[in-house]
Every structure is written in C-alpha cells, then in structure tokens.
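The values are calculated or read from the model by the stated rules, or taken from the named source; none is laboratory data. Predicted model only: the values in this text are computed from it and were never measured. Because the Cβ atoms are built from the backbone with ideal geometry, glycine has one as well, and the counts that use them run over all protein chains shown. Heavy atoms of the whole protein, side chains included, go into the accessibility calculation; ligands, DNA and RNA do not. Shrake-Rupley method; radii C 1.70, N 1.55, O 1.52, S 1.80 Å.
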Amino acid sequence: MSYRIQLSEESSGGLRAELYAICKVTSQLVQGTSGATPTFRDIYTDTGQRQLKFTLQDDSVVLEPGILSYAHGRLKFEVIQQQAGGGGFLGRAMRSAGTGESAYGTRVTGTGEVWTEPTHKHFVFANMESGDSMLVDDKAYYAAQGSLRLSTHQHARVQGAVSGNGLMQPRLDGRGLLVIESPVSVHEIEMLDVPAGETVTVDGDMMLMYTATMNPRLGPLVRGLRNSLRSGEGLVYTLDGPGQVFLTPTHVATGSLA
C-alpha cells in the first residue's frame, strides 16, 4: 500500500503548490505486555518518488507538457503554443531551439485541484515579486502561476549552441509562484549573491537559474585554442553582478552526492 505525505507548500494569490513524498506503508505486529491484546503499527518507507498538487481558487497555472496525472473541479484546459524564435518558452520543447519548432504548455484555469505525475526529481518553490526577472535552465522549468510572463531569452554568443546549454533559455518576469525541477534537493542548492563589479564563472551544468540582471556570456574559460585545450575546460558561463545565481554543486552525472 502506498501513501502520500506532505513535505512542503507555497502559496501566491489563488494558487497553492504542495509537495508530497510517496511512501510504502506496511503493518508491523506489536506484542504488548503479558495478557495484552497485540496491536499493529504502520511503518512508512520513502520510495524516493515525489508528486505535486496545485490547488486553484479562481487562478491559473501553466504546466510543462506531459506532467498532468489527474485533475478535478471547475477547470478549463488550454494548449498554449508559441514559436521558438519569437517568444517561445517551456524548457524541454526548447532543446532544439533555433530550428523553428514550436513550444507548448498546458494552461489550467479555474477552481479545483491538479496532480502531476510522480517523479524521482526534486522541486524548488519560489515566489517572484513584481519587477523580478529570472532565467531558468532549459531542463528546470516545471510550472508557473499564470500571472508570470514566460518568454525566451536568446544568448548573444553563438558559442552557447555547442556548450550543451543551448542558445535559448526560459525567462520569467513579474509576480507569482514558480516551481523548478532540480537534480538535487533544495538543501543542496547554493545561492551566490554577486555584487556589482564582481563576476562568477560556472559550468552551465551546475547552474539552475539566475537573475536576468546578470547578462551572461558563453565562451571558453581562457582565450586561444591551445590554452583552451590545456585548461581542460569547455565553454562556461561568465555572469557579471549584481545578481543572484543558484547552483547545484553536488550534482554529478550519476546524481547528487548526498
């Protein structure tokens, strides 16, 4: 038997997001004192799977394609389509950015509950304030409140096309609730607060998201082909402050070190 246990929640306006752990439940016989009637107690074992529930009260949420499990209530569903080259969004549809393919999303509007498919990924909830702008890793976008404006940021440097991070990234502007899919738990995410006049250089695979004020550049760590080969580094991001960068330094190819 499986059971869902709530781990965290975040709200904004008429939208509430809740994160659940899926656990296996088994019963264990407990022998009491002499003459007492034996009882059973439930043992919960975390399967490592996570599931999200969105509760809407006259609000809306835009979901990454393919994550819906089930929903109920007075809800309206729309497929949103935008062109990749002209303001598109939604990370997984943007992997082939620049090919002219379309990006899609599912907008759910109204009052009711929406459950997403179980996954072994981790999730981060964030409430963006008015005036905030965030660039998200192209595999990290999961869901966002309808009040947020989603668009595509196009990097000026062509080198980004071969860096493994793509020419384009989802960009979010405005006020509302954002849900990010992460390869590591929220406790492993490191936030760097970069002041004006300073820079941060990072492998793009370690970067989850960053504020749009940072104007990233994509290129080799050192100039010159020979120097690049000697450094052993490929193309990296260089971001100028001020701004904030959210990193996943414990994430490696096989997953989190934790």
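Of the residues screened, Val222 is not one that is touching a helix residue (DSSP H, G or I) at 6+ places or on another chain (Cβ under 9 Å), open to solvent by less than 40 Å² (accessible area, probe 1.4 Å) and either assigned to a loop (DSSP other than H, G, I, E, B) or modelled with pLDDT of 90 or more (or both). Scanning region 108-122 for residues that are at pLDDT below 95, out of contact with any helix residue (DSSP H, G or I) (no Cβ under 8 Å at 6 or more places or on another chain) and in a strand (DSSP E or B) turns up just one, Thr119.
Listed here are the residues, each with its yes/no results for (1) open to solvent by less than 50 Å² (accessible area, probe 1.4 Å); (2) outside any strand (DSSP E or B); (3) modelled with pLDDT of 85 or more; (4) more than 28 Å from Thr250 (Cα to Cα).
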{"residue": "Lys76", "(1), (2), (3), (4)": "no, no, yes, yes"}
{"residue": "Gly88", "(1), (2), (3), (4)": "yes, yes, no, yes"}
{"residue": "Arg92", "(1), (2), (3), (4)": "no, yes, no, no"}
{"residue": "Thr106", "(1), (2), (3), (4)": "yes, no, yes, yes"}
{"residue": "Lys139", "(1), (2), (3), (4)": "no, yes, no, no"}
{"residue": "Tyr142", "(1), (2), (3), (4)": "yes, no, yes, no"}
{"residue": "Thr152", "(1), (2), (3), (4)": "yes, no, no, no"}
{"residue": "Ala156", "(1), (2), (3), (4)": "no, yes, no, yes"}
{"residue": "Ala161", "(1), (2), (3), (4)": "no, yes, no, no"}
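Within region 1-48, the set of residues being of a type outside the set (Ser, Thr, Tyr), in contact (Cβ under 8 Å) with a residue 40 or more places away in the chain and open to solvent by less than 60 Å² (accessible area, probe 1.4 Å) comprises Gly14, Leu15, Ala17, Leu19, Ile22, Gly48.
None of Gly131, Gly197 is over 26 Å from Ala21 (Cα atoms) and either at pLDDT below 90 or not in a loop (DSSP other than H, G, I, E, B) (or both) except Gly131. Filtering region 208-219 to residues that are closer than 10 Å to Leu135 by Cα and assigned to a strand (DSSP E or B) leaves Leu208, Met209, Tyr210, Thr211. Take region 163-182 and flag every residue that is at pLDDT 90 or above and surrounded by 19 or more Cβ atoms within 10 Å (Cβ to Cβ). Result: Gly176, Leu177, Leu178, Val179, Ile180, Glu181, Ser182. Is one or more of the residues making up region 11-26 farther than 18 Å from His122 by Cα, β-branched (Val, Ile, Thr) and modelled with pLDDT under 80? Taking every residue of region 11-26 in turn, none turns out to be farther than 18 Å from His122 by Cα, β-branched (Val, Ile, Thr) and modelled with pLDDT under 80.
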